Every structure is written in C-alpha cells, then in structure tokens.
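Asker: Below is one structure. I have some questions about it.
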Amino acid sequence: MSSEIVLDQEKDHDALVEIWHKAVVQTHTFLSEEDIHFYHQVVQNGALNEVEIWVELNDEKEPTGFIGLDGKKIEMLFVDPDYHGLGIGRRLIGQAEKVKGSHLQVDVNEQNEGACAFYKRLGFVQTGRSELDGSGRPFPLLHLEYKAF
C-alpha cells in the first residue's frame, strides 16, 4: 500500500468528518451519544476550517487519516479505524514536524488511553493537565509536548 500526504483543499470535508466520527465512536468510549453529537456538530460546522489540515490518501486517493494544526499545536489527529495500526498517525506526526519543526504540542483526552499511549510512544511528554476540555466539558486533558521525532 502506498500513500501520500497532501494539504487539504476542503474538497474532502465530508470524508474527513466521517473519519472523525468513525474514529471517535471507536476510540472515545468515555463519551456519551449526546457528547459525540455535540462534537460532531462542532467538527461538521467549521472546526476543520480553523486549522491547517494535512490528509493521508490511499492508492485510490481517498482520505485514510488527517491531522489539523494551529501553528505547532496538533488540534486533531484522526485515522479511519479500518486503517489503524498501519503507521498513518506516525506519518502524519512526521509531516507536522516537517512543516512546523520540533516542539509540537497536543492536548489529549486523559480517558483516551490508546491516544495517550500512542503519543508517549512517539516521545511526547506530559507538561500539564486540565480538568476541562476546550469546550468547558468535564473531560480532562493532558498537555503533551514533543521535542524531536
């Protein structure tokens, strides 16, 4: 399987929202259906337009995962669950480092143990913690920073 990472031109918006939804349902088991619906509306209605989106495409030029950056901060990283474990997340982090340099930052839900383990495997270290997420909801965030890939 070959792949390429491209800067999104908004043409894949609906596909990225679908990847987000599938990934969240599978990995964010601590969220209720109402919570998922709330965040889905946020993503559907503009969150993707507020960040620089890089997308990994498969051989058929279909998105398999994406990373959203705001400067050196990773605001979102989601991979289609059908493609988990194939290195897409690692490659997207590598792309972020390539275009933004080292010292990347990310906030990850503390309850998302898979994501916490993923970032720590890549060398991210915890620099802080917040009781509430960015929407003021009671989902603690771990603040992580990455020095070099």
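Asker: Mind giving me the nanometre distance, one decimal, between the label points for Glu113 and His143, set 7 Å out from Cα along Cα→Cβ?
Answerer: The two pseudo-label positions are separated by 2.6 nm.
Asker: Can you give the local net charge around Asp107? Use residues other than it whose beta-carbon is closer than 12 angstrom to its beta-carbon, Lys and Arg +1, Asp and Glu -1. Intermediate values should be presented prior to the final figure.
Answerer: Numbers: positive: Lys73, Arg129; negative: Asp70, Glu75, Glu110, Asp133, Glu145.
Neighbour charge sum, excluding Asp107 itself: -3.
Asker: Can you pull out the GluC sites (Glu not before Pro) in segment 1-84 that DSSP calls coil and that have at most 14 other Cβ atoms within 10 Å?
Answerer: Values: sites: Glu4, Glu10, Glu18, Glu33, Glu34, Glu50, Glu52, Glu56, Glu60, Glu75; in loops: Glu10, Glu60.
Within segment 1-84, the qualifying GluC sites (Glu not before Pro) (loop, at most 14 other Cβ atoms within 10 Å) are Glu10, Glu60.
Asker: What percent does the relative contact order of segment 6-120 come to when contacts are Cα pairs within less than 8 Å and at least six residues apart? The partial results should precede the final answer.
Answerer: Values: 139 pairs, mean separation 29.3, N = 115.
For segment 6-120, the relative contact order is 25 percent.
Asker: Please rank Phe38, Phe78, Phe139, fewest neighbouring Cβ atoms within 10 Å first, as an exposure proxy.
Answerer: Phe38, Phe139, Phe78
Asker: Please list 3J(HN,Hα) in residue order for segment 57-72, calculated via the Karplus relation 6.51 cos²θ - 1.76 cosθ + 1.60 where θ = phi - 60°; whole Hz, with x for glycine and proline.
Answerer: 10, 7, 4, 8, 6, 9, x, 10, x, 8, 10, x, 10, 10, x, 8
Asker: I would also like to ask the following. So, R0 is 22 Å and r is the distance between the beta-carbons of Lys22 and Asp59; what FRET efficiency does that work out to, to 0.05?
Answerer: Numbers: r = 20 Å, r/R0 = 0.90.
Once rounded, the FRET efficiency stands at 0.65.
Asker: While we're on this one: Take the alpha carbon gyration tensor of segment 1-64, find the square roots of its eigenvalues, order them as a ≥ b ≥ c, and report rounded if a/c is under 1.5; if not, report prolate when a/b exceeds b/c, else oblate.
Answerer: Oblate shape, in that a/c is at least 1.5 and b/c is the bigger or equal ratio.
Asker: Which net charge results for the neighbourhood of Leu31, defined as the other residues with beta-carbon distances under 11 angstrom from its beta-carbon, given Lys and Arg at +1 and Asp and Glu at -1?
Answerer: -3
Asker: Distance between Cα centroids, segment 118-149 to segment 55-75: provide it in whole Å.
Answerer: 19
Asker: When a/c is below 1.5 the answer is rounded, else prolate if a/b is larger than b/c, else oblate, so apply that to segment 85-149 with a ≥ b ≥ c taken from the square roots of the Cα gyration tensor eigenvalues.
Answerer: Cα axes put segment 85-149 in the prolate bin.
Asker: How large, in Å, is the chain by the Kirkwood hydrodynamic radius built from its alpha-carbon pairs?
Answerer: Kirkwood radius, the chain: 15.5 Å.
Asker: Something else: Considering amide H positions built from the backbone, and no H for Pro or chain starts, which residues 5 or more places from Phe124, or on another chain, come under 5 Å of its amide H?
Answerer: none
Asker: Okay, next question. Given the chain, what count of lysine pairs have C-alpha atoms under 14 Å apart, with each pair 8 or more places apart or on different chains?
Answerer: Value for the chain: 10.
Asker: When a/c reaches 1.5 or more, the comparison of a/b and b/c decides; with that in mind, is segment 69-113 rounded, prolate or oblate per its Cα gyration tensor? Show your work: numbers first, answer last.
Answerer: Numbers: a/c = 2.41, a/b = 1.28, b/c = 1.88.
Because a/c hits 1.5 or more and a/b fails to exceed b/c, segment 69-113 counts as oblate.
Asker: Can I ask one more? Just to verify a number: FRET efficiency for Thr29 and Asp70, C-beta to C-beta distance, R0 = 25 Å, to 0.05? Before the final figure, lay out each step's value.
Answerer: Values: r = 27 Å, r/R0 = 1.06.
The formula returns an efficiency of 0.40 here.
Throughout, read-outs are computed from the coordinates displayed, never taken from laboratory work. Since the structure is predicted, the reported quantities are computational estimates derived from the model, not experimental observations. Don't worry about glycine lacking a Cβ; one is built from the backbone with ideal geometry, like all the others, and counts go over all protein chains shown.
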